Structure formats: structure tokens, C-alpha cells
Amino acid sequence: MSVRRARITPAALLLMASLTAVPSFAQDGATTQPAPLASREFFDAVDSGRVRNDGPVGGGAALVFSTVVAAEDSDWLRLQFETVRLAGSREAGNASYLRITSLTDGAHQILDSVSVVQWQLTSAYFNGDAVQIDLYAHPGTGDNHVALTGGVASLAVSTRSICGTTDDRVLSFDDRSARVLPIGCTGWTISDCNHCMLTAGHCQGGLSTIQFKVPLSTSGGSIVNPHPDHQYAVDASSVQGNGGAGVGNDWAYYGVFPNSNTGKTPFQAYGVAHNLDTTPPGAGGSARVTGYGTTSSPVSPTWNQVQKTHAGPYSSFSGTSLGYGMDTTGGNSGSPVIHESTGTAIGIHTHGGCGTSGGSNWGTGANHPSLVNALSNPRGVCQCPGPDLATGTLPEYVSPSGGDTIVLTATPVAGVTALAGSGLLHLDTGSGWFSLPMSDSGPGQFVATFPEIDCPTTFKYYFSIVGSDGRTFKLPEDAPTTFYSAIAAYGVDEVVALDFETNDGWTVENTSVTSGAWERGVPIGGGLSRDPAADFDGSGACWVTGNAAGNADVDGGPTRLVTRAYDLSSALDPVVSFARWHNTNDSAFDRFIVEISNNNGSTWTQVSSTGSGGASWNVVTFHVTDFVPVSNAVKIRFSVRDNPDNSTTESGVDAFRIFDYDCTPCPSDVNGDTESDVLDFLDFFDSFGSCENQPAPCAGSSGVDADFNGDTSVDVLDFLDFFDAFGSGC
């Protein structure tokens, strides 16, 4: 075990004190200042290297590394890690962990791979100037590594003045209020569903560690930290606030992770929270502020940034601004403003000094609309359980004429039910989001009906309901950031679908290719391990580059795979789909390039240029009209190269399709009389009998085109497709 002491020169101490000294608290009407910790960086490098437990698998955790880190002559310190890699997992019961112990009071903190991330690679605050770091690992779980260069430690607290002649605050011990570090503010627990916390918006940027059960400070005014059992890491994803925007407009709402030692949240540990009144009563009577303000003589330095409380007149309430008179100082920012007669919290203390005259302190009312909205839409660990929303299978296509439905079920959770009549279907068909009411079909049952939508249109949608507690719940949860999508069409018409068991007239064009040209076959998948071991669709064959064992990857190039010309002139919105394999160790230069031509290859337009997709097939789709107008001579070209020859590059193409969306309301209504009946069958049968095995277009005496499936020839497939459509009706 080693002990290291940080060395800091007097000049450096003077400079750091000038940079970190706490400003004096504000006077009447000014923002109540936070009270940042008087701190300095200290340096004490530690690097465990790779350490592991090589004992028999199944044995318990053992100490694999230990050291002491110190910041000389400090009242407290906090570690800042550069690297923490801890093997094993909580789920498997074999997680490696750090045990950090204060050599002053024996308080310790446990950090594993989950909680060290929650603490953002820092430790709790420890009393004294030295801590011992012990790394424990389970056998057979692999390497661990911890490294740090030091952290932050205390400086002496500067002397401050206080507004007025007497500081009338008294010590208090309310487990609902906590000290916010490192910025030096106050936070407090509220009785929302997960018992999260509030503070001032101008404290928001310093939300990191929350401390309960704070001891008295030192005789010099330096803070003393509670045991790590009473320190909590803030969940950054939960934070909502406005950063502080003036009197009556200064709030933040956030949550903390369970304590890494006890596994409990503050409410689970202490069992108390403020009831928040989002409709504060009118002015009159008394209000109270309880928080962690600074002190100055003649108040004992041991009270500095320790919980204190004072009550005074509740003098005004206008809009979202509260006015009241009691002693406050820097560090009280974010404290609860408590209505004395009801005992409820009515706002957040944000501005003012310490006088007792009315209006010398100001706060943001709990009725602030943005705060109320945040409370109704919590994030991160503050998210509340609510009705479980679910649907059946979601459609790929919906009828362009409207009328298709989806049933949404809202199952009550934690006593929260869905309000009848609150269901909404939200859609975006290309011009922004709009909402349509859903119909009720029983308790917790809502029916969404899609409206008429132009064909073919790819549109977005999601669902929402309002719970019995007034909160809005969505499916998907974070809609509209995520959403569902569907296509307004009656289905698709296949133009071509290839599995490459035969060649559909595709060709290969090579330029300076020395190895790995495109070829069609069953993948060998040997040698360099970057080529596919099998095709995508399971038919057997596909197009691959250099289909041979050993070193057969692309060298030189490009090698180009070119489709035959396809007639898409009558397609509404043709879509190209294919499976792509592209595995290279030079994604910057050796790319998979897709191009399209609508003039039989005279000119080309690039569709995409893709780096390595790894050792996997990926399905790619694109709309032809996003790049070129439709024509009767559309070609696709796939190009790959390794030029200069400095990498290993393997590519493949499989499952090639071109399809168009079907916008015909009734495909079997071939005679156009708006009905599908026996007349359609007779008219099609007449044309088919006259045109079988003839090139399309072809029609019999009825005038109906016998090429029902649009593949440019009349054969038994047309009859079978028509028979299937006719049987399905309209």
C-alpha cells in the first residue's frame, strides 16, 4: 500500500482561492447566489494497471489492488477518475467493485460498473485529507483497471458579511432538504410519484451530488461531509429546468439514483417529502425557508452551509412570483418556500437577502406553467408508472380511402387508469403533426381509425391517452421523437423479384481489376473471413466479389455489377430493395457505391456510398423517383473497388426487388364499373382466352387488359393472380 501527498505552493493556493472564493450573498431583489465550495484541485496519480482475480471460479471476491490517495491539510476531498473498468455484472452476482474509505472517520462508498457511471467517474465527498481505495474482483471475470490523477479538496472558507444586524436562523434537521454540491445550493424532495427533487434553475448547472444529514462544519467554516450512505448522484437525464430567468421564473426539477451503498432512494431512506401546492394561496400569514445558507460572524462558522431555517411574513403573490421576508444567504438558492399554516411547499426560493421586511426575498411559485408541465412529464429516474399501452400487430399498409382501425389497450398500473374519451391518434402525412380523436370501446379500450390519405404516402403516427392523474402517456413512450410508420396503399405490385438462382440479364464491367470481380454463385465464405458464408435469402446463390477460397477479395477496380433495363414507365412510386454485404477495413476509400440510370446507362446518378457494414447482410431500400424520373429503361449499378490495393474488401448483393405501390381501390374490378362481380370475371376470362402466351398489352373483345400482374406477358400467372384478387373481393 502506498501513500502520496499533494504538494501545492503558497502562490498556487492564493491563486486558487481567488478563483474559487464564494461571492458575498446578494442584497434585496438580487438573485440569491449559490455558494460554490471553496475548493482546489489536488494531484495524486494512481494507476492500478490490469488486475484480476485468478482464483478458482466460484470463489468470492478478493482484494486485487489497494492504495491510499491524499490531499494534504484538507478538511475534505473527492476523487475524480480517469478510467474505471470493472469486470463482472450485478445480474450474474460477480461484479467487481471499488471500496473507498475515509481514513478520518471510516465512512466508505461502494462503486461498481453501474454506480461509477451514475456518479460520472467521481466519488462521494469524504471528510479528512486521505482515503483508501480497495479494488475487489471475483475469480474468472477478467481484467479490471482503475486510474486517476487526483480530485478536488477543500480550502478555508472566506469571511462574508450578512445583510442586517442579526441572523435569526436556527439549526434544523429536516430530511426533506439536502445540500447540492459542488455548486452549493439547496434541493428538496417532493411527493411526486418517484419522490424527485426541486431546486433553483440557476443551480441547475451544478447539479451533481445531493447530501442529506449534513454535519456541522469545521471551526474554520469548511464543510464536513455526511457518510456516503447519505450522498446521492444526480441522474442527468432526469434534469428539467430553465437555468434561471429572473424573479418568478427560476426552477429545476430532477431525480437522483439510489445510494450506491444502501440501494435506497432518499424517500426510501428517510420516508419524508414535501407536499407541493401548485395553486399557492394568496399572500398573508407566514412563510418559511429551510436551506444550506452560508454564515458570517458572529454566527459560528460551524453553521456554514449547514441546514438552517427561519420564518417571516408572506407578503406578496403575483403571477408566478412569491414575496416573503426572512433571513437567507448564499447557499439558500433552491430552498423550499413553505406556507406556515398549511405546511405545504408553495415555491422555490431564488432571490433576495436576509432582511425581515416584506418583499426582501423572492421565489418562483409552484404554479409556474413550465414547472407544472415538467412535473407532468418526468424524465429519467423521475418517470412515473402509468397505464401500460399496447396494440395488436401494426399494419404495413392502410387503405388510402380510410377506415382501417387499430385497437389501443391501456392497462391500469399503480392505480392510474386511462380517462375515457382521452385517446388521440397523432399523424404526420407530410405537412406536420395533427391529431384525431379515438373512440372508446370499453374501459381502457380505444379505437383509432385512419382517415383518407393520398396513395402512395408513407406517413408517421403514434397514440396518446390521459391518465387519471392528469398525466399524458404515449405509445411509443418518447413520441414524436420515435413513432410508427405505414404506407397508404392497397399493397404492392412486384415488378421484379430475384433470388439469383438464375441470371436476369445482369452484366459485370471491370476496370483494372486483378482479383475479386463480381460473380454469381453459392458463397464459399473461406479464407479472409470478410466474405459472406451464405447468401441472404436462403435460396443458395447470390452475387459476390471473388467467390473463391483464400485471398480472393477485390483488388484494383472498380468492378461493377449492372442490372438489365427495367420498364418502370407506368409505376407510380417504384421502390428498389436489395440485401447488401460490404465488409472492408478501409471504409474511407473502399466503398460500396449504388447508382441509378433512367436512360439505359448513358448517364448515372449516385444513390449511396457506404463504408463497411461489418460481417452481416443489410437490407437497403430507396425510391427511384428520389433520384431520377421513371422511364422504360431504368438500370441499377453496384460498384466496389480496392484501389490502391491496401485493404481487404468483400461485397455481395442478394434478394433484389423492384416493386410499386398498388393504388387501385379494387384490383379485380377490371371493367371499371366500381364493383367486383361476375361480369369482371367473364370479361377477364374473355381477354385471357384471346391473349394467353401473347406479349402485353393485349385485350380480347371485352377490352380488358389480360396482363393482370403487369409483367409484360400474358400467362397462367395472370389468371392465378386475378383469381386470387377476385376471391378476396373489394
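Taken together, the values in this text are just the output of simple stated rules run on the coordinates, not laboratory data. Every value quoted in this text rests on a predicted model; they were computed, and no experiment measured them. Don't worry about glycine lacking a Cβ; one is built from the backbone with ideal geometry, like all the others, and counts go over all protein chains shown.
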Could you line up Val64, Val495 from fewest to most neighbouring Cβ atoms inside 10 Å? Val64, Val495
Within the chain, which is the longest segment that contains none of the chymotrypsin sites (Phe, Trp or Tyr not before Pro) sitting in a DSSP loop with at most 15 other Cβ atoms within 10 Å? 174-588
For the stretch 678-728, diffusion coefficient by Stokes-Einstein and Kirkwood Rh (Cα), 4 °C, 1.567 mPa s, µm²/s: 125
More than 37 Å apart: what percent of Cα pairs in the chain qualify? 61
Counting only GluC sites (Glu not before Pro) that sit in a DSSP loop (anything but H, G, I, E, B) with at most 16 other Cβ atoms within 10 Å, what is the longest stretch of the chain containing none of them? 92-339
With the convex hull built on the alpha-carbon atoms of the stretch 635-730, volume per residue in Å³ sits at 140
Could you tell me what a quarter of the Cα convex hull surface of the stretch 170-381 works out to, in nm² with one decimal place? 10.3
The alpha-carbon pair-distance distribution computed for the stretch 39-154, with 10 angstrom bins and whole-percent values, is 15, 47, 29, 9, 1
Mind grabbing the base-10 log of I(q)/I(0) for the stretch 388-490 at q = 0.14, 0.17, 0.21 Å⁻¹? Debye formula, identical points on the C-alpha positions, no solvent, two decimal places. -0.50, -0.73, -1.07
Assuming R0 = 51 Å, what is the FRET efficiency of Phe681 and Ala236, from their Cβ-Cβ distance, to the nearest 0.05? 0.15
Could you tell me the center-to-center distance, by alpha carbons, between the stretch 190-241 and the stretch 486-544 in angstrom? 59
